[in-house]
Structures are given as C-alpha cells and as structure tokens.
Amino acid sequence: MPTSPPVYESTLFTTVAAMQAEADAARAAGRRLALVPTLGALHAGHLALVREARDRVGPGGHVTVSIFVNPTQFGPGEDFEAYPRTLDADRDALDETGTVDAVFVPTVEAMYPFGLPPFATVAVRDLDRHLCGAHRPGHFAGVTTVVARLFLACRPHLAVFGQKDAQQLAILRRMTADLGFGIELVGHPIVREADGLALSSRNAYLSAQERAQAVVLSQALRAAQAAVARGERDPAVLARAMEAQVATAPLARVQYVEVVDAETLQPVEALSEGGPSGGRYLAALAVFFGATRLIDNVTLRVGEQA
Ligand code: AMP
C-alpha cells in the first residue's frame, strides 16, 4: 500500500536557547536540518522556498522557518514600523504546507541581547557597492549580521534563499564561504504572478493602478534577456532600454537599473563569455510606485550556457 507523506505540525520557538536545543536534538537524531529565513507576511514565494527546503532534507529531515522583522536591515525612513506582521496567518500557511517542524519567531531582545546597534556585526565588503547596496547604506550588514545570528541559533545544514533578492544571496554565499559556516546555500527561482510581477510582501502596499503598472519591471527584464539572445552585449544599451520600458508606466520612478557580473556584482564594459562568472550577468532594477519600492532581476547568460 502506498504510504502518504508525513505531515509535520510546527512548534513555535521564541528564544535562541530553545531553538538551539531543538536543533541539537534533531542533529543528535541524525536528521538533516534546513532553515528558511523570512521577514514574515508570507506569500506563495516563501512557501515555495519552504517546500524546496523539505525536498532537500527529505521526509526524515527537519525544517525551520524563521520569521523576524530585523530592525538592523531597515534604514532610517524605511518601512520597519509599517512592515506587515501577520504571524497567525503565517503559521496557518506554514502548517497548511505540512512540511515545517519549527517556526522560530524571536524577539528583538532575543536576537540582539546587548541592544541596538549591536556591538558585534558581520559584513561582506565590495559586493554591496552597486544595486540595492548603493541605495540602502547598512542594509546588507544588517542582513549578514542577522543571518549569521540565525545560523548560530538554528544550526542548519542548509538554508534556502530566493533569487528574488539576488544581491542578498550573492553576499550571503560569500559570507558563508569566507567564514566557513559549513552551511549549503540553496537559491530558489523567483516566483511570479501570472502577469510576471515577482511576488513580494510589499506588493500589498500597491494601489490597483500601481499594481497594474508594476508589470513593467518583469517586462523590462525579459526584454533585456531577449536583447542579449539577439546578440546585444553593451550593458549601457541594455540598461537604457530597460529604463525606457519602465518609463512607459506613468506611476513608476526608477531608483536604479544595472547590469553587473552575477558573482562579483561589479559593472562590466561588455558582456562576454569570459567574465568572472563565466558569462553570467545580473540585470536588476528597483522601482518606486509612490512610497513602495519594488525590486526584480533576471540572469543574463552569454555563450554556451545561454
Ligand atoms: P523576505 O521575507 O522578503 O525577506 O523574504 C524571505 C525569503 O524569501 C528571501 O530569501 C527572499 O528572497 C525570498 N522570496 C521573497 N519573495 C520571493 C519570490 N517572489 N520568489 C522567490 N523567493 C522569494
């Protein structure tokens, strides 16, 4: 008789010590541990990461989802206070997947016991010079610090992050490798609405008009991919075309449009097969609709892997 897959009911942990005890017990039992860090306000994109985590560790593994609106990654004037906090709905959504063992929801005091700003931080240099890093000073130091803290609290073998935040993923890969965390980082493809808009907790801020026009982000990125497939190799030409496409939406205000090497996240003179990441580039943009800032990206491939 076929056996149905096990259904996991999640347990809530709010202190670092309790989370570590749970992780240690799972490790002692020989289970493989996965972590999916989030800010909460979960949507189908987050849940896809959670399912990927379960697939990676298997039925005998252990999946933790952390929900923490991390104050150190929000700048002054950003939406830390207003960021949607929907814990009950998040827990229901996670339990509905039937794939989560632990939900880690620490307080700010639990994560930063010596107050804010923290005395000890983790930072990765250079990779934050462009894209979001250029416009959100201190943001990625906040991200690397909190993810290092989450790694130490949840003690996973692997962690799943979305390609939606491509710069974050590249920076976390470097942090994990340089500091020798011994944790495998898994990048999950961007989950999109039917019209191409990347799912984001911040989409909830958009008016109906803004929501309709927000489709220009993914349209511009797809056009860049098509241009590269046709042979365009000039990043400035690609960026100008993307900006022009975004400008067709009257409510859109571009913060940045950039094409960079996919690994070093530095600008290049021309796309080529011989770049540092072997012909992989990132086209990325940030666009405001009113006060709402949306980001999106695609990978541009040149050469054999195109
Ligand atoms: P956040 O709660 O926005 O910090 O996101 C938590 C994780 O989910 C990050 O690794 C994000 O990159 C990922 N994520 C958010 N939106 C999407 C999406 N539309 N597709 C794939 N991953 C996503």
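Calculated on the alpha-carbon coordinates, the convex hull of the chain measures out at 153 cubic angstrom per residue. Measuring nothing but how far apart in sequence close Cα pairs (under 8 Å, 6+ apart) lie, relative to its length, the range 11-188 scores a relative contact order of 29 percent.
Using the number of other C-beta atoms within 10 angstrom as an exposure proxy, rank HIS188, HIS43 with the fewest first. With the sparsest Cβ surroundings first, the list reads HIS43, HIS188. Put simply, the Cα atoms of the range 35-82 extend 43, 19, 11 Å along their principal axes, the longest span coming first.
Per the Cα gyration tensor, the range 11-188 maps to an equivalent ellipsoid with semi-axes of 24, 18, 17 Å, ordered largest to smallest.
Here the relative contact order of the chain, from alpha carbon pairs under 8 Å that lie six or more residues apart, stands at 16 percent. Taking other C-beta atoms within 10 angstrom as a stand-in for reagent exposure, ASP95, ASP24 fall in the order ASP24, ASP95, fewest first. From largest to smallest, the equivalent ellipsoid semi-axes obtained for the range 1-113 from the alpha-carbon gyration tensor read 27, 17, 11 Å. Note on the chain: with a GNM built from Cα contacts shorter than 10 Å, the maximum mean-square fluctuation among LEU94, LEU47, LEU179 falls on LEU179.
What are the semi-axes of the equivalent ellipsoid for the range 201-305, taken as the square roots of 5 times the Cα gyration tensor eigenvalues, largest first, in whole Å?
Working: eigenvalues 145, 33, 23 Å².
Here the semi-axes work out to 27, 13, 11 Å.
Listed peptides 213-226, 243-256 appear in the order 213-226, 243-256 once ranked by packing, highest mean of other Cβ atoms within 10 Å at the front.
With one equal scatterer per alpha carbon and no solvent term, the Debye-computed log10 I(q)/I(0) for the range 186-248 at 0.13, 0.20 1/Å reads -0.42, -0.86.
Every number here is computed from the coordinates shown, using simple stated rules; none is lab data. All figures in this text were calculated on a predicted structure; none of them were measured in a lab. In this analysis, Cβ positions are derived from the backbone assuming ideal geometry, glycine residues included, and neighbour counts consider all displayed protein chains.
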